Amino acid sequence: MTRLRQSQGAAATRILGIGSSQPERVVTNDDLSKIMDTNDEWIRDRVGITERRVAGPKDTVVSMAVEAGAKAIAAAGLTPSDVDTVLVANCTTTVPIPNAAAQVAELVGVKGAGGFDLNAACAGFCYALAAASDMVRAGSAGRVLVIGSEKLTDVVDPVDRSTAIIFADAAGAMVVGPSDEPGIGPVAWGTAGDLVEMITMPNDRYIFQEGQSVFRWATTKIAPIAMRALELAGVQPSDVDVLIPHQANLRIVEAIAKRLRKNGAREDMVVADDIVTSGNTSSASIPMAMDHMRAEGRVHSGDVALLIGFGAGLSYAGQVVICP
Ligand code: UT7
């Protein structure tokens, strides 16, 4: 019988560099209160957002991904030719063909790269990070540019106060490559498909979510998944220096942090709060939060970070990583 050769890759992987991109236009809560029945106090109290960035006509999922991706490659001290695969997690491209990854690869300058898009909504980046790490370990990729990029304002009704106050536009990227020491832990992922109706896009146009139901699910079910990611990586809650949950709502972020602290996480664990000035940017939120926190000096090279994404599907994925 013919026996096929199997590829073999690196023993371990790590994050080599991070980058992010946001549109220039800032929209404050007061700006929104002029076009819908909402106000600054309600949004700050219930969601934690003070302002968000909104794409201009020239900003697209692809253009933001290209900027974030190029920054991540430069931050890794690499050039585009050092990367051979591009993954773009997204759920907001308005047409499925051509996929974003092939366009991003070409524009970043990663000639002939393997590339595909991946949609697990707001959990997409952690899914893509896990896929990239496993591809490098299996030998199907050398170095992978992993991006989460979203133009949510294309799929949000601009006067729907249940979504327009939350969602915003951005991209975040990481380069994943081989490493002597493990820098990306095993992924804890899954779906709650029985709850699929909680976040949908009726009529293929605008996002609809049962806000309270999603809120309850996220505040009760996500911390145990985060604990599972720690267990898979052989890491204690007290080892976690930085917690970066998907930036869906600051109250959800704080609820997850509280549950982890009850389970042994430290009081001085740094908790991402990038939503305050960036809004909810779906698959871009986790890499962008890490990038911003590094720039602010709140996250340092070698820190143990716990990432946990969750959203439509309902899908979730989390892993422990070592910050580059
Ligand atoms: O990223 C993907 C995953 N998505 C999420 O994780 C989202 C999870 N859900 C949430 O973050 C929250 O449920 C929302 C931010 C969407 C909504 O917050 P909430 O605290 O659940 O508000 P609610 O829908 O229960 O509404 C509470 C009150 C209502 O008034 P009454 O009936 O109590 O008088 C609403 O009419 O607040 C009112 N309200 C608003 N008021 C001012 C709802 N939206 C607004 C608003 N501005 N934008």
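In table form, for the structure just shown:
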| read-out | value |
| --- | --- |
| Exposure proxy ranking, count of Cβ atoms within 10 Å, fewest first, for VAL175, VAL235 | VAL235, VAL175 |
| Amide H within-cut-off set for VAL240, under 5 Å, with H built and near neighbours excluded | ARG266 |
| Rh (Kirkwood; distinct C-alpha pairs) - the stretch 188-322, Å | 15.1 Å |
| For the stretch 192-205, Karplus couplings with θ = phi - 60° (6.51, -1.76, 1.60), whole Hz, Gly/Pro x | 10, x, 5, 9, 4, 6, 6, 9, 9, 10, x, 6, 6, 10 |
| Residue-averaged [θ]222 nm for the chain, counting only DSSP H segments that reach four residues, each worth -39500 (n - 2.57) | -9500 deg cm²/dmol |
| FRET efficiency for ASP204 and THR2, using Cβ-Cβ distance with R0 set to 41 Å, rounded to 0.05 | 0.35 |
| Square roots of 5 times each gyration tensor eigenvalue, C-alpha, the chain, largest first, Å | 29, 23, 18 |
| Amide H contacts of LEU118 (H built 1.01 Å from N, under 5 Å, at least 5 apart or other chain) | VAL88, ALA89, ASN90 |
| Dmax and Rg, reported as Rg then Dmax, of the stretch 233-279 (C-alpha, Å) | 10.9, 34 |
| Electrostatic dipole magnitude of the chain [Cβ: Lys, Arg +1; Asp, Glu -1; Cα centre; debye, to 20] | 700 debye |
| For the stretch 147-263, Kirkwood radius (reciprocal of mean inverse C-alpha pair distance, Å) | 16.6 Å |
| Burial ranking of peptide ranges 61-71, 224-234, 139-149 (average Cβ count within 10 Å, highest at the top) | 139-149, 61-71, 224-234 |
| Label-point separation, ASP268 to LYS221 (7 Å along Cα→Cβ), nm | 3.6 nm |
| For the stretch 163-190 and the stretch 231-300, distance of Cα centres in Å | 12 Å |
| Segment SER81-VAL26, length gained on full extension (0.36 nm per residue, minus Cα span) | 16.4 nm |
| At most 10 other Cβ within 10 Å, DSSP loop - GluC sites (Glu not before Pro), the stretch 22-65 | GLU24 |
| Tail beyond 18 Å, pair distance distribution of the stretch 1-95 (Cα, percent) | 66 percent |
| Beta bridges by DSSP in the stretch 12-179, antiparallel share as percent, to the nearest 5 | 70 percent |
| Over the stretch 12-179, relative contact order from alpha-carbon pairs under 8 Å, at least 6 apart, % | 34 percent |
| Once the Cα gyration tensor of the stretch 125-174 is diagonalised, semi-axes √(5λ) in Å | 33, 9, 7 |
| For the stretch 12-179, average projected area of the Cα convex hull in nm² | 9.9 nm² |
| Pairwise Lys count, the chain - Cα closer than 22 Å, eight or more residues apart or different chains | 6 |
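FYI, it's all coordinate maths here, none of it is from the lab. In this text, all values refer to a predicted model and were calculated from it rather than measured experimentally. Here the Cβ is made from the backbone with ideal geometry for all residues, glycine too, and neighbour counts use every protein chain on show.
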